[in-house]
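Here is the structure we will look at, set down as structure tokens.
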Amino acid sequence: MADSASLLFNPRTYDPEHFDPETRRLLRATVDWFEARGKRRLIEDYRSRAWLGDFLDFAAREGLFATFLTPASAAGKDDQRWDTARIAALNEIFGFYGLDYWYAWQVTILGLGPVWQSDNTEARARAAELLAQGEVFAFGLSEKTHGADIYSTDMLLTPDGEGGFRASGSKYYIGNGNAAGLVSVFGRRTDVEGPDGYVFFAADSRHEAYRLVKNVVDSSKYVSEFRLADYPVAPADILHTGRAAFDAALNTVNVGKFNLCTASIGICEHAMYEAVTHASNRILYGRPVTAFPHVRRELTDAYVRLVGMKLFSDRAVDYFRSAGPDDRRYLLFNPMTKMKVTTEGEKVIDLMWDVIAAKGFEKDNYFAQAAIEIRGLPKLEGTVHVNLALILKFMRNHLLNPVEHPAVPTRLDAADDAFLFQQGPARGLGSVRFHDWRTVFDAYAEVPNVARFREQADALCTFVETAAPDEEQSRDLDLLLAVGQLFALVVHGQLILEQARLTGLDEELLDELFAVLVRDFSAHAVELHGKDSATEDQQTWALGAVRRPVVDAARSTRIWERVEALSGAYEMGQ
């Protein structure tokens, strides 16, 4: 049985032995770089909004971004590949130490997406060379007026009569826009109407026609507004045209949005060490804070939710890495990681903050920045609502129409995830088919709260068959989102169980975790009951789906003892 600390990232004991030697070296070197800087410098840089120059210098010296973000098709060294498993591990480390570091890496990933999907060999070679030089990248999609509505882009490309264009327009909320060696910019031609006029092209932030306006946030993250004024776009700069440019935008977000889940996990892990250590050593009314039952419940719930986040995200990696033209299940698990895992992260922080109270505001703690940074992740790369709406497209097939799929193993092998840059047209989501979600629930039928949650999942199937929203209700997004939350819980529970089975996680911990999921399902059912447009049948169903978790005081006490053992397990040096 794993102890509580072994399930969480701990810099004191971290040794990613499941990876190849160079990956292990780079991950450990990154941890050591942050630990050597110390907590005081980490917090000072965050509060002073210092640019991340020294971090990017470290990454350049080690070849960190070049090793992790150059696909094998563009690699100049043996260890370079696009490996989602090790990318996820680095996300977690960056989140653990500060979202500013993660953000510079994340928007580099987004900026590279259109390049690695392109057939432009010259642009691909230039990107690989820039990575080798330690440069960062940016993704020029969003605009101030339209947001990420790529149908309405005002970045205009006028033909120059020589096979190229002159680009004029502005982009807004573009990370790394102040320093990117290459910015992948989305625009449209002035001489071609409709989707055929879309263009993705590569720009250089150092060009005189590239005008940096400002950082639009008060942060070390440089989230820029920039303008192109008659910027020359040569044929060698064109990455995609027409519908392929549109698909490249959406497929890039598919690749990038996954990174939010593991960053959220890292934030929660660091905050949990601080919160449990503080609570365990705080005396209130002559008793340790952790002697109060509500405190134990809140910290235990936070811990098991965090374990669930990790289990789900680790399993989602396997589906990403095993995806192909005939297996696109990742298209459901991807928005799930972005929407469900990041909102779970908010709950974890809130539960701990209720315990440590004013301590969570103190300037010398990591927790104060964690409480702010955790809010951003559900809002980046599409809001929670956008991703919930996307998830709903898969609900009927996932719940009711399973098909046989080859078993997906744990994917920690040193392989290149080439399909992520060969996803093809970004459509046909309703035709994606899934394996039977019931199988893994059957395997844990003896775990009381898994069985209780299974009752709720089966009830959701009945809802879809007998009380699903009609055509008019299908235009009521408020109602649909409540249904989406119920479906998301079933998918969340499924992948948690799959990963638990692969890793041998003990059933007592799973039982405590599923007690939380049973309560969550009941809460969302009650929410659906109260929706203005819910029919009488839907209201009756909703109340009928409410369940009480199976209570086991001895089990909860034993899980609490694992949480309490986190006290003093890690504290960042000064």
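The values are calculated or read from the model by the stated rules, or taken from the named source; none is laboratory data. In this text the structure is predicted, and so the values were computed from the model without any measurement. Cβ: placed from backbone, ideal geometry, glycine included. Neighbour counts: every protein chain shown. To get the accessible areas, we keep the full protein, side chains included, count just its heavy atoms, and leave off ligands, DNA and RNA. Shrake-Rupley method; radii C 1.70, N 1.55, O 1.52, S 1.80 Å.
Being without any contact (Cβ under 8 Å) to a residue 40 or more places away in the chain, over 27 Å from residue 96 (Cα atoms), among the β-branched types (Val, Ile, Thr) and part of a helix (DSSP H, G or I): is that true of residue 526 here? I'd like the intermediate steps shown before the answer.
Numbers: without any contact (Cβ under 8 Å) to a residue 40 or more places away in the chain: yes; over 27 Å from residue 96 (Cα atoms): yes; among the β-branched types (Val, Ile, Thr): yes; part of a helix (DSSP H, G or I): yes.
Spelling it out, residue 526 is indeed without any contact (Cβ under 8 Å) to a residue 40 or more places away in the chain, over 27 Å from residue 96 (Cα atoms), among the β-branched types (Val, Ile, Thr) and part of a helix (DSSP H, G or I).
If you go through the stretch 356-378 one residue at a time, how many are open to solvent by 20 Å² or more (accessible area, probe 1.4 Å) and assigned to a helix (DSSP H, G or I)? Full working, then the answer.
Quick first cut of the stretch 356-378, residues open to solvent by 20 Å² or more (accessible area, probe 1.4 Å) only: 357-359, 361-365, 372, 375-376.
Remaining after also requiring assigned to a helix (DSSP H, G or I): 357-359, 361, 372, 375-376.
Qualifying residue count for the region: 7.
Would you mind telling me which numbered condition in (1) touching a residue at least 60 places away in the same chain (Cβ under 8 Å); (2) under 24 Å from residue 8 (Cβ atoms); (3) out of contact with any Leu (no Cβ under 6 Å at 6 or more places or on another chain) residue 55 fails?
Evaluating residue 55 over (1) touching a residue at least 60 places away in the same chain (Cβ under 8 Å); (2) under 24 Å from residue 8 (Cβ atoms); (3) out of contact with any Leu (no Cβ under 6 Å at 6 or more places or on another chain) leaves (1) as the failure.
Can you tell me how many residues within the stretch 512-523 are open to solvent by 10 Å² or more (accessible area, probe 1.4 Å) and of a type in the set (Asp, Glu)?
1
Table: residues versus (1) among the small types (Gly, Ala, Ser); (2) surrounded by 19 or more Cβ atoms within 10 Å (Cβ to Cβ); (3) within 13 Å of residue 392 (Cβ to Cβ).
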| residue | (1), (2), (3) |
| --- | --- |
| 427 | no, no, no |
| 431 | yes, no, no |
| 446 | no, no, no |
| 456 | no, yes, no |
| 461 | no, no, no |
| 468 | yes, no, yes |
| 477 | no, no, yes |
| 482 | yes, yes, yes |
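Within the stretch 529-574, which residues are part of a helix (DSSP H, G or I), within 19 Å of residue 487 (Cβ to Cβ) and open to solvent by less than 50 Å² (accessible area, probe 1.4 Å)?
Within the stretch 529-574, 538, 541, 542, 544 qualify.
Just one of the numbered conditions (1) over 25 Å from residue 298 (Cβ atoms); (2) open to solvent by 20 Å² or more (accessible area, probe 1.4 Å) is not true of residue 526; which one?
(1)
Kindly indicate whether residue 45 is of a type in the set (D, E, K, R), crowded, with 18+ Cβ neighbours inside 10 Å and assigned to a helix (DSSP H, G or I).
On the way: of a type in the set (D, E, K, R): yes; crowded, with 18+ Cβ neighbours inside 10 Å: yes; assigned to a helix (DSSP H, G or I): yes.
So residue 45 passes the test.
Please go through the stretch 267-311 and give me each residue that is closer than 21 Å to residue 554 by Cβ, among the aromatic types (Phe, Trp, Tyr) and open to solvent by 10 Å² or more (accessible area, probe 1.4 Å), ordered by number.
Matches in the stretch 267-311: 292 only.
Could you look through the stretch 395-425, keep only residues that are among the polar types (S, T, N, Q) and either in a loop (DSSP other than H, G, I, E, B) or closer than 30 Å to residue 23 by Cα (or both), and pick out the one that is most open to solvent (accessible area, probe 1.4 Å)? Step through it out loud before you land on a result.
Of all residues in the stretch 395-425, those among the polar types (S, T, N, Q) come to 397, 401, 410, 422-423.
If we keep only those that are either in a loop (DSSP other than H, G, I, E, B) or closer than 30 Å to residue 23 by Cα (or both) too, we end up with 401, 410, 422-423.
Details: 401: 57, 410: 67, 422: 125, 423: 17 Å².
The extreme case among them is 422.
Restrict the check to the stretch 486-495 and report whether at least one residue is open to solvent by 60 Å² or more (accessible area, probe 1.4 Å), touching a residue at least 60 places away in the same chain (Cβ under 8 Å), closer than 27 Å to residue 261 by Cβ and in a helix (DSSP H, G or I). Can you show your working first?
Here is the first cut: in the stretch 486-495, the residues open to solvent by 60 Å² or more (accessible area, probe 1.4 Å) are none.
Within the stretch 486-495, not a single residue is open to solvent by 60 Å² or more (accessible area, probe 1.4 Å), touching a residue at least 60 places away in the same chain (Cβ under 8 Å), closer than 27 Å to residue 261 by Cβ and in a helix (DSSP H, G or I).
Hand me the list of strands (runs of 3 or more DSSP E) wholly inside the stretch 116-223 holding 2 or more residues that are open to solvent by less than 10 Å² (accessible area, probe 1.4 Å) and touching a residue at least 40 places away in the same chain (Cβ under 8 Å).
Details: elements: 137-140, 156-159, 165-175, 182-189, 198-203, 210-215.
Strands (runs of 3 or more DSSP E) meeting the threshold: 137-140, 165-175, 182-189, 198-203.
Quick check, is residue 339 touching a residue at least 40 places away in the same chain (Cβ under 8 Å), buried (at least 24 other Cβ atoms within 10 Å of the Cβ) and touching a Cys at 6+ places or on another chain (Cβ under 9 Å)?
Details: touching a residue at least 40 places away in the same chain (Cβ under 8 Å): yes; buried (at least 24 other Cβ atoms within 10 Å of the Cβ): yes; touching a Cys at 6+ places or on another chain (Cβ under 9 Å): no.
It is false that residue 339 is touching a residue at least 40 places away in the same chain (Cβ under 8 Å), buried (at least 24 other Cβ atoms within 10 Å of the Cβ) and touching a Cys at 6+ places or on another chain (Cβ under 9 Å).
Condition check: buried (at least 21 other Cβ atoms within 10 Å of the Cβ) and modelled with pLDDT under 95. Does residue 388 satisfy that?
Numbers: buried (at least 21 other Cβ atoms within 10 Å of the Cβ): yes; modelled with pLDDT under 95: yes.
Answer is yes for this residue.
This table checks each residue for (1) within 24 Å of residue 532 (Cα to Cα); (2) free of Cβ contacts under 8 Å to residues at least 60 places away in the same chain; (3) out of contact with any Leu (no Cβ under 6 Å at 6 or more places or on another chain); (4) among the hydroxyl-bearing types (Ser, Thr, Tyr).
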site	(1), (2), (3), (4)
393	yes, yes, no, no
403	no, yes, yes, no
407	no, yes, yes, no
421	no, no, yes, no
443	no, yes, yes, no
449	no, no, yes, no
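If I ask for residues that are in a loop (DSSP other than H, G, I, E, B) and open to solvent by less than 10 Å² (accessible area, probe 1.4 Å), which ones from the stretch 53-87 would you list? Even if it seems obvious, please write down each step before you answer.
Start the filter on the stretch 53-87 by keeping residues that are in a loop (DSSP other than H, G, I, E, B), which leaves 63, 70-71, 75-83.
Scanning the stretch 53-87 gives 70, 71, 82, 83.
Would you pick out the residues in the stretch 130-171 that are at pLDDT 95 or above and aromatic (Phe, Trp, Tyr)?
Within the stretch 130-171, 137, 139, 165 qualify.
With (1) in a loop (DSSP other than H, G, I, E, B); (2) modelled with pLDDT of 95 or more; (3) touching a helix residue (DSSP H, G or I) at 6+ places or on another chain (Cβ under 7 Å) as the list, and residue 3 as the residue in question, which single condition is left unmet?
Here residue 3 clears every test but (2).
When you go through (1) modelled with pLDDT under 95; (2) closer than 24 Å to residue 343 by Cα one by one for residue 510, which number turns out not to apply?
Failing condition for residue 510: (1).
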